[in-house]
1. Tally the residues that are in contact with a strand residue (DSSP E or B) (Cβ under 7 Å, 6 or more places away or on another chain), charged (D, E, K, R), without any contact (Cβ under 8 Å) to a residue 60 or more places away in the chain and part of a loop (DSSP other than H, G, I, E, B), restricting the search to the stretch 203-237.
2. Does LEU258 satisfy the condition of being in contact with a strand residue (DSSP E or B) (Cβ under 7 Å, 6 or more places away or on another chain) and not charged (D, E, K, R)?
3. Find the strands (runs of 3 or more DSSP E) located wholly in the stretch 238-319 whose residues include 2 or more that are without any contact (Cβ under 8 Å) to a residue 24 or more places away in the chain and closer than 27 Å to GLY182 by Cα, and list them.
4. Tally the residues that are buried (at least 16 other Cβ atoms within 10 Å of the Cβ) and either over 17 Å from GLN114 (Cβ atoms) or not polar (S, T, N, Q) (or both), restricting the search to the stretch 288-300.
5. Could you grab me the full set of residues in the stretch 109-137 that are under 20 Å from MET178 (Cα atoms) and either among the charged types (D, E, K, R) or surrounded by fewer than 16 Cβ atoms within 10 Å (Cβ to Cβ) (or both)?
6. Could you count how many residues in the stretch 221-278 are of a type in the set (Gly, Ala, Ser) and open to solvent by 80 Å² or more (accessible area, probe 1.4 Å)?
7. Residues of the stretch 109-166 being more than 22 Å from ALA313 (Cβ to Cβ), part of a loop (DSSP other than H, G, I, E, B) and of a type in the set (Phe, Trp, Tyr), which ones?
8. With the condition kept exactly as written, say whether any residue in the stretch 76-83 is touching a Leu at 6+ places or on another chain (Cβ under 7 Å) and either in a loop (DSSP other than H, G, I, E, B) or surrounded by 10 or more Cβ atoms within 10 Å (Cβ to Cβ) (or both).
Amino acid sequence: MSRARDYTLALLVAGTAIAATWYWPEIEEQMGWGAVPGPVEIPEPEPEPEPDPEPEPEPEPEPEPEPEPEPEPEPEPEPEPEPEPEPEVLRDWLGDEPSYLPPGDLEPGSGTGQSEDVTVYAPDMRFPVEVPRAFANSQVWRPGGVQASPPWNQCAEENYDYPWRDNFCETRGWNTPMCPGGTGHQGQDIRPARCPRSPYGPEDRFWAVAADSGDITGISGHVVTLLADDGTTYLYMHLDPTRLDVEAGDRVERGDRLGVIWNYFGSTPTTLHLHFEIRQSVVVGGQLRLTPVPPYTSLIASYERLIRGEDEAGDYPEPY
């Protein structure tokens, strides 16, 4: 039974196939399929074009170089420092350089000086010795003086050499209100340019001169008193009474000769020197008094003006 069925199916399939071959062209035509093509060569797909290479990025522009900083201007060269002025060197009449100890510094053992007062009481006076060479120091406590130990020759070299030394207020019994103890030496001792080398030859005549213009108000032996126009009184002591160039009542001009510096002191000679005083009205202890004032600083100032040639009455002889 089964075998017959198989044959029947085979016949059906074969018949269907034969019919299909007969009618297929027509079916194709009706369906619009056309002939079945032979094997179609599938073209290789065209390769996708490679994308254009990305353009090389434009190089970033080099940064503009920072402008060179303006060079700082060269600093102005420091001006050369002015050279320190050479210290002034003063030379006296015979070419030596003066020097001075401080005001109030007295010879040891000779008293207590007026060291606190450095006032120049006569700032415009002319130095009272004609030539700008003299030595301010004590005639009592230096060689040849009565207090010297031993009292040897007054012409000892140390008496005629610098530095100067004050002797206002040196121990004496005279009323001197401006001295620490109220008494003392009232002026300054000044030795001339040199000690006499002969018994009084012309080369040993050193003149005391007017410290300012004024009137000679008194002469007493070896003492000459000059009242200046500004009211200051100047006293000159130990002048040679035989060689005075003025008389009481004379009018003198600044720098005029008054007399020769000597050692006259009445019957008792002293050493060769000028005792010089300045007297003014000053307040002492709350009272106005006419009294001797310290002359030392005024003498230094006037001496240096004379050496510099700054004093209008500064004529003096050439060294001899």
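The values are calculated or read from the model by the stated rules, or taken from the named source; none is laboratory data. These numbers come from a predicted model, not from an experiment. Virtual Cβ from ideal backbone geometry, glycine too; neighbours counted across all protein chains shown. Areas reflect the complete protein model, heavy atoms only, side chains present, ligands, DNA and RNA absent. Shrake-Rupley method; radii C 1.70, N 1.55, O 1.52, S 1.80 Å.
1. Summing the residues that are in contact with a strand residue (DSSP E or B) (Cβ under 7 Å, 6 or more places away or on another chain), charged (D, E, K, R), without any contact (Cβ under 8 Å) to a residue 60 or more places away in the chain and part of a loop (DSSP other than H, G, I, E, B) in the stretch 203-237 gives 2.
2. Values: in contact with a strand residue (DSSP E or B) (Cβ under 7 Å, 6 or more places away or on another chain): yes; not charged (D, E, K, R): yes.
It is true that LEU258 is in contact with a strand residue (DSSP E or B) (Cβ under 7 Å, 6 or more places away or on another chain) and not charged (D, E, K, R).
3. Working: elements: 239-244, 257-261, 274-284, 287-293.
The strands (runs of 3 or more DSSP E) meeting that bar are 287-293.
4. 7
5. GLY109, THR112, SER115, GLU116, ASP117, VAL118, THR119, PRO123
6. 1
7. Let us first name the residues in the stretch 109-166 that are more than 22 Å from ALA313 (Cβ to Cβ), namely 109-119, 137-163, 165-166.
Checking the rest, the ones that are also part of a loop (DSSP other than H, G, I, E, B) come to 109-119, 137-156, 161-163, 165-166.
Hits for the stretch 109-166 are TRP141, TRP152, TYR162.
8. The first filter runs over the stretch 76-83 and keeps only residues touching a Leu at 6+ places or on another chain (Cβ under 7 Å), leaving none.
For the stretch 76-83, residues touching a Leu at 6+ places or on another chain (Cβ under 7 Å) and either in a loop (DSSP other than H, G, I, E, B) or surrounded by 10 or more Cβ atoms within 10 Å (Cβ to Cβ) (or both): absent.
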